[in-house]
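Just so you know, all these numbers are worked out from the coordinates, no wet-lab data involved. Keep in mind that what you see is a predicted model, and the values were worked out from it rather than measured. Positions of Cβ are generated from backbone atoms using ideal geometry, with glycine treated the same way; all protein chains shown enter the neighbour counts.
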């Protein structure tokens, strides 16, 4: 039963990648990005005012850090994903997003002093090769000639933003209840995305796009993070992160069924390389420069 929580979160996030694609042509990226966080803020607020007031002494000195976390993890990451969806496939997005644990590990090595391991180094090479296969559609010559698809590039930046967000979350160790921290970041996202929403074109809410906004808000913004946080608490961060490796596979399957996206050989090869690299980086933990005793 304890594995149901991380699986639920991964299923919701994989589905949200497909929702990003379904939103193309139905609602502008700036709209759905703003509406999802605004609705989440409105739903959270009645229950969170008292906890925020009770924790204000801890919140106030950390407001700057909370703003940075909200910008990276809520505003930049998801907004770029909405824009990327109009330029690339949901399958590509899922495979690129699977790089996040490896990016977070690399950021931890750089900023937290975590030791570089053979697995991290080898995994980085394998995962990079996998992403190159995917973004080049299996043709390195085409990639060198035309460059990276803008949608894939946006998804890479979005994934990097979330990896940095995860690293800072670990580095700063803010002593706030997880739900309070999530709520405050949602408020940051609303404020940061408001100018973009006001300055962008608008399709308006209608019966076609309201379900997409509701999914992004209720499931992807509220239920999935709560399920993930519960999993981290019960299983631990390392075991929970392993479930993230299922994201590209589940995303590809949902995209094939819902969006009728064809799975090409390069998706399989690139996905396996990327996934293999991430798993290798997590499981092969022998550090570099480890002293070997000679007898």
- line: Taking 0.36 nm per residue of separation between residue 196 and residue 172 and subtracting their Cα-Cα distance, the length gained on full extension comes to 5.8 nm
- line: Square roots of five times the C-alpha gyration tensor eigenvalues of the stretch 180-265, ordered largest first and given in whole Å, equal 27, 24, 12
- request: Using only C-alpha atoms and all pairs of different ones, pull out the Kirkwood radius for the stretch 64-104 in Å with one decimal.
  value: 11.3 Å
query: Summing -39500 (n - 2.57) over the DSSP H runs of n ≥ 4 in the chain and dividing by its residue number, what mean residue ellipticity at 222 nm do you reach, to the nearest 500 deg cm²/dmol?
result: -22500 deg cm²/dmol
Residue 125 paired with residue 157, simple spin-label distance in nm, labels 7 Å along Cα-to-beta-carbon: 3.0 nm
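What order do you get for 150-162, 53-65 when each peptide is scored by the mean count of other beta carbon atoms within 10 Å, highest first? Don't jump to the answer; show the numbers that get you there.
Working: 150-162: 20.8, 53-65: 11.5.
Most protected by this proxy first, the peptides run 150-162, 53-65.
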For the stretch 1-56 versus the stretch 170-221, the gap between their alpha-carbon centres in whole angstrom: 6 Å
task: Using label points projected 7 Å from each Cα along Cα→Cβ, tell me how many nm separate residue 283 and residue 118, to one decimal.
output: 1.5 nm
- line: Among (i) 17.9, 61; (ii) 23.3, 84; (iii) 19.5, 74, the value of Rg and Dmax of the Cα atoms in Å computed for this structure carries the label (iii)
